[in-house]
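> This is the structure I have questions about; it appears just below.
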Amino acid sequence: MLPDAVDGLFLGVDVGTSATRVSLVRPGGEALVASAGYRTVRSGGGRVEQDPAAWSRALAAALRRLSRDGTDLREVIAVGLCGQTPTLVPVDAAGRPVRAALTWQDTRAAAEAAELAARFGDPEPLIGTALPWSAANLPAKLAWLARHEPDTVRRTRWLLQPKDLVGLWLTGSPASDPWSSKGICRVTDGAPAVAVLDACGWPSDVCPPIAAAWAWRGTVSAAAARRFGLPAGIGVCVGWSDALAQTLAAGCFERGSGFVFSGTSAIVGAPVAGRAAGLFSVPGSCAPAPLLYGPTQSSGASVAWVARLLGCRPADVPAIAARASGGSGGSSGPGGPGGSGTSGGLPAFVPYLSGERAPLWNADVRGLLLGLAAEHGPAEIARAVLTGTLLSARHVLDAVEAATEVRIAEVEFTGRGAGDPAWEAIALETLGARVRFHSDPDLSARGAAMLAAIMAGASPGRASAALGDATTTAAPSAASLAWGRRLSDRYRRASEAALAWLEASGGDADG
């Protein structure tokens, strides 16, 4: 391959929250995709776990589905990885998981998170980024395991992420990238975060070898080739978090655009340098350019919740929402231009059904549905939920703009809702910017394929251009921009009400 050329078939693997997805991408952006799902076990007390063996079964099943569709996996020339983070997978010296994985949704370690915050305060000198001392993040999970499962600490050789365990299965290497393992290592240089690990009750040598996401991890072994049907000897990269892989695939680094990636949660931000409370600051040592972003807690999860409430499928919610009285706020929307703003308006929804991550990082706050009126029915409730999930994304975008004084004029939008007219209309109404809608609903796996191309010699820009998906762009009207600002202001007040309710309940989420 010539320098910076992109030629061949690249496989991207995304070990996601609900499924493992694979994407075979050729130059020009054509992609063949398949997936296989698995269970998440919720057992109370904030415990949310997955069986790592399910990821192996899912990867094998997804690759078999590609083969049944006539794809010759022997044409794959390189493999890229990404996945859910921060999901903690302790493994022993033989690479076997010591226990079930603690997913990013697991919040059992709230007490340990509070202790770490009280002890250390600002985490940046220790970790290299302003990682919140949250129960969702790795340090608090490590402290909980050391306190409650000391045998897990004794048996563990490496602390991995899901994509790193898949990489270990494929190549025998436990390597990770600095961003996915933040809190275990320092993101600035990849060295173990010794002070943090010591405070959490772990030795520093459990930190895996750290390298750039696009670095060479190793080659597919003969055993892995038999297990997964891939060619033996092809290269596998270290891999990245799903959030950063999506950012690469969406072209954000090249265009400087903001992003809203909507899945079970949403990943929201922009490629700008800066620091803001409640947001992740990705240094240039971890990515082609600095990033400021945050993950929300319940984007698609809120849609699944309202679908259960209404007795329909999540895929049906946008069509139900489209029947809400008044239509788009940019014309004569409910409570918008031409609406009353009181009983004739939509309810306000804050999607804190399982707490909120960015920008609040509060595991105890709960969602609210405010402003219900007698005339409201399923359509108005569905519309309020879709609007609220996108306004939670705007909350993060506004935090980025406030911290950096950089106007986000364009937003890349993909995942749940992309391609659906009702979702796209609400996105234009709420996000306050021109929106580029991506046709690929799972940019993470495509971004992993781009990492494989970068490993093979392409530049990030060339990989993004050659392997990118088709897009369409739309701009909000002046009326929609004005209405979006009103909606955002109302959302902020509803968010404050949710926090006030928590305080009035004595800090008890169930109070």
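The values are calculated or read from the model by the stated rules, or taken from the named source; none is laboratory data. As the structure is a prediction and not an experimental result, all values here were calculated from the model. Neighbour counts are summed over all protein chains in view; Cβ atoms, including those assigned to glycine, are modelled from backbone coordinates with ideal geometry. Surface accessibility is based on the protein's heavy atoms, side chains included, excluding ligands, DNA and RNA. Shrake-Rupley method; radii C 1.70, N 1.55, O 1.52, S 1.80 Å.
> Which shape class, rounded, prolate or oblate, goes with segment 373-440 when its Cα gyration tensor gives a ≥ b ≥ c as root eigenvalues, a/c under 1.5 marks rounded, and past that a/b bigger than b/c marks prolate?
oblate
> OK, next. If each of ALA111 and ALA191 carries a label point 7 Å out from its Cα toward its Cβ, how far apart are those two points in nm?
Reported label-point gap for ALA111 and ALA191 is 3.4 nm.
> So how many Å³ per residue does the convex hull of the Cα atoms of segment 94-135 work out to?
Output value, Cα hull per residue: 113 Å³.
> If you filter segment 1-81 for trypsin sites (Lys or Arg not before Pro), then keep DSSP loop positions with at most 11 other Cβ within 10 Å, what is left? Kindly include the intermediate steps, with their values, before the conclusion.
Numbers: sites: ARG21, ARG39, ARG42, ARG47, ARG57, ARG64, ARG65, ARG68, ARG74; in loops: ARG39.
Those that pass, being in a loop and sparsely packed, are ARG39.
> Take the alpha-carbon centre of segment 184-230, take the same for segment 12-31, and report the distance between them in whole Å.
22
> Something else about it: Could you please report the charge total around VAL33, scoring K, R as +1 and D, E as -1 over all other residues with beta-carbon less than 12 angstrom from its beta-carbon?
-3
> Also, quick follow-up: Please get the size of the charge dipole for the chain, origin at its Cα centre, with Cβ charges of +1 on Lys and Arg and -1 on Asp and Glu, quoted in debye to the nearest 20. Kindly include the intermediate steps, with their values, before the conclusion.
Working: 45 positive and 45 negative charges, 174 e Å.
For the chain, the charge dipole is close to 840 debye.
> Share of segment 154-248's accessible area from carbon and sulfur, percent, 1.4 Å?
Numbers: 1500 of 2860 Å².
Of the solvent-accessible surface of segment 154-248, carbon and sulfur hold 52 percent.
> Could you tell me which of rounded, prolate or oblate describes segment 184-284, using a ≥ b ≥ c as the square roots of the eigenvalues of the alpha-carbon gyration tensor, with rounded for a/c under 1.5 and, failing that, prolate when a/b is larger than b/c and oblate otherwise?
Cα axes put segment 184-284 in the oblate bin.
> Looking at the chain, identify the longest residue range that excludes and avoids all GluC sites (Glu not before Pro) in DSSP loops having at most 14 other Cβ atoms within 10 Å.
No qualifying site falls inside 31-374, the longest such stretch.
> Separate question: Percent relative contact order of segment 262-307, based on C-alpha pairs within less than 8 angstrom and at least six residues apart? Mind dumping the intermediate values first?
Details: 76 pairs, mean separation 21.5, N = 46.
Taking the mean separation of contacting Cα pairs over the length of segment 262-307, I get 47 percent.
> When you have a sec, figure out the Kirkwood radius of segment 456-511 from all distinct Cα pair distances and drop it here in Å to one decimal?
15.9
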